[in-house]
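Worksheet: the structure to be examined is printed underneath.
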Amino acid sequence: MNSPRAPRRTTDLPAQQAARSSISLASFALRHARAVRIAYLLCIGLATLLNLHAEPSLANVVERLRHAVEPTLRANDLIDAARNIALFFGWGAIYTLTARIPLTRRDVGVATVVGMLASFSVESAQLFSPVRQASILDLFTNTIGSLLGALSFRLIERRAITDMRRGTLIGVPGWMPAGSVLVLAFGLTFAPSTRAGRVLSWAGSPFARGQVVESFQPLAVPLAALVTDVVAWIVVGLVVAVAINDRTGEIRRRQLVAWLLLAPGLLALAHLGRDLVGFQREQITAAVQGTSLALGLLAGLVSVPAWRRRCTGGSERGVHVGLLVMLVGAVISWMPHWSHVDSARPRFRWSQLIPMMSLLERQDLTSVFLVLQRAGIGAALGACLAARRRVGVPHPRLRAAIGFAAVLEVGQLLVPSRHPDVTDVMITSAAAIFVAILVERAARGAALAEPGSVADLNGTHTTGSF
């Protein structure tokens, strides 16, 4: 007779109990998958076809088609490529998070093909516009964005299922909030919301642009920008320490090495990227950010084990991490904006109330990294709120994430040179919802491995002896 099997170590409650909670975001997404997908495709159409000024002249269409299949490479093509990938990355994520559980390679393939067809439709419509430019490069980058979004979420879901079976420190895998805050800080480093670096040159090769940047004196950085950097990167270090101590309560050597390579690597990559695209350097910024990251990580590695012993509930720990994320979001959003570019911009315009309009109006690389900042805030906060659900709180409390996103934007009305935008509320809220759905899907996937569990991963859940 075989000896009884030792139970798997989970968070506060088994994965089955989280999977059968009263409100199911994943089930809602599955039931309304078609509507959600159509809504996102409409957002893509709104962002790409607004103000098309259609001109159905056949001769002009043929000429535009020739330019579309034989595009000339310009500096703005880099901006367009980054924006296209970011926009269609969201499509890939939307499709996979509304697909059946668990995700398969077929789901990734379908998401990519539909993204390609949507892109083809948009580019075809732009052939009839005298103010928009269709390009085969856009078709390529949009398809790549769809593939990356779908593939990334499939890999993330598989990893989350494994980690939830083994147990976590805050109720969800620690790399979820850590990675989200790191994305936020990466966007802040490349395109800080508290200042706007001057573009010196878009001409020539990346090496030539780097030489131009090297020849100029670095910009002086205001105190508000440095305070933002310090707060953001200290929090990155603290949350990364949570990820390193996630399961065992001790420092895990492999995870420590991985994060020590990833976090400083992304920081260095951001500053190298600024040089290669021609952004003027800033005084002491890199040193301040690197030092803040090191201090936050050291403080976290020292304090997280004691914090684990003192706070025994994953829900409470998740709240603590969520408060850190909210602090970073408030500092980023409410610090005065130092910028020679936006100083003359009106405080309020009606276009700020139109979803996706700001992304259409801002034809620069900075807008892409501002999206990363908002998505990072939302994803990290969504992970912390989802941790409460994992330990038995009946509602995911995502209204808190949506409300916080709205407060961040409304509060900017009181800050000189800051500009609230409904698109930022949408990005932050959507990222929080994405992560909450991902956590629930992973919890259901983990429930399959529990003894005595019979789970229908696409709607209902029952248990044997629980």
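We did not get these values from a lab; they are worked out from the coordinates using the rules stated. What you are looking at is a predicted structure, and each value in this text was computed from that prediction instead of being measured. Virtual Cβ from ideal backbone geometry, glycine too; neighbours counted across all protein chains shown.
Distance from the Cα centroid of the range 291-323 to that of the range 92-154 is 39 Å (rounded to whole angstrom).
Counted by Cβ distance under 13 Å from ASN142, the other residues give a net charge of -2, where Lys and Arg count +1 and Asp and Glu count -1.
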